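Contents: one structure, followed by commentary.
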Amino acid sequence: QVQLVESGGGLVQAGGSLTLSCAASGRTFGGSAMGWFRQAPGKEREFVAHINWSGTTTRYADSMKGRFTISRDNAKNTVYLQMNSLKPEDTAVYYCAARTYNTGSQYPSNYAYWGQGTQVTVSS
């Protein structure tokens, strides 16, 4: 089992920045690929970014490229999502997720463990 706890969400003005954190406990974190997803009201869960077990490979959804950065610190069992140039359409609940594989995926169904989510609200 892996327990994931997100933090760092909040209210920010358009153009601002936030950094989300996801602290993991339980199963060996260092061998797991991690992902960030988001879900806005009335919409399906959407891929944001993923990172492989070592942090050497990352991938982003097209609308996040150049604005968001995913990273991890295996010594701290934590994955981060730095979000810059935030837009009102980035408003959503953001979830981190862990795979039982060392490579990432953009598909939510490929993740075995999920956090409870953290709300990000971007005002215009």
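The values are calculated or read from the model by the stated rules, or taken from the named source; none is laboratory data. Please read these numbers as outputs of a predicted model, since none were measured by experiment. Cβ atoms come from the backbone with ideal geometry, glycine included; neighbour counts cover every protein chain shown. We work out accessible area using only protein heavy atoms, side chains counted, and drop any ligands, DNA or RNA first. Shrake-Rupley method; radii C 1.70, N 1.55, O 1.52, S 1.80 Å.
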Query raised in the report: Of all residues in region 28-51, how many are under 18 Å from SER109 (Cβ atoms), without any contact (Cβ under 8 Å) to a residue 60 or more places away in the chain and open to solvent by less than 30 Å² (accessible area, probe 1.4 Å)?
Result: 3
Query raised in the report: Do any strands (runs of 3 or more DSSP E) entirely within region 1-94 hold 3 or more residues that are farther than 13 Å from GLY117 by Cβ, and if so, which?
Result: 10-13, 18-26, 46-51, 58-60, 68-73, 78-83
Requested in this report: Go through (1) part of a strand (DSSP E or B); (2) among the small types (Gly, Ala, Ser); (3) farther than 13 Å from PHE47 by Cβ one by one and return the number of the condition ALA97 breaks.
Outcome: (3)
Requested in this report: Test THR78 against the stated conditions and say whether it is within 21 Å of SER124 (Cβ to Cβ), surrounded by 15 or more Cβ atoms within 10 Å (Cβ to Cβ) and either among the polar types (S, T, N, Q) or in contact (Cβ under 8 Å) with a residue 40 or more places away in the chain (or both).
Outcome: no
Report summary line: Quick count over region 81-124, residues being surrounded by 15 or more Cβ atoms within 10 Å (Cβ to Cβ) and free of Cβ contacts under 8 Å to residues at least 12 places away in the same chain, is 1
Query raised in the report: Mind checking whether some residue in region 7-27 is exposed (fewer than 15 other Cβ atoms within 10 Å of the Cβ), at pLDDT 95 or above and aliphatic (A, V, I, L, M)?
Result: yes
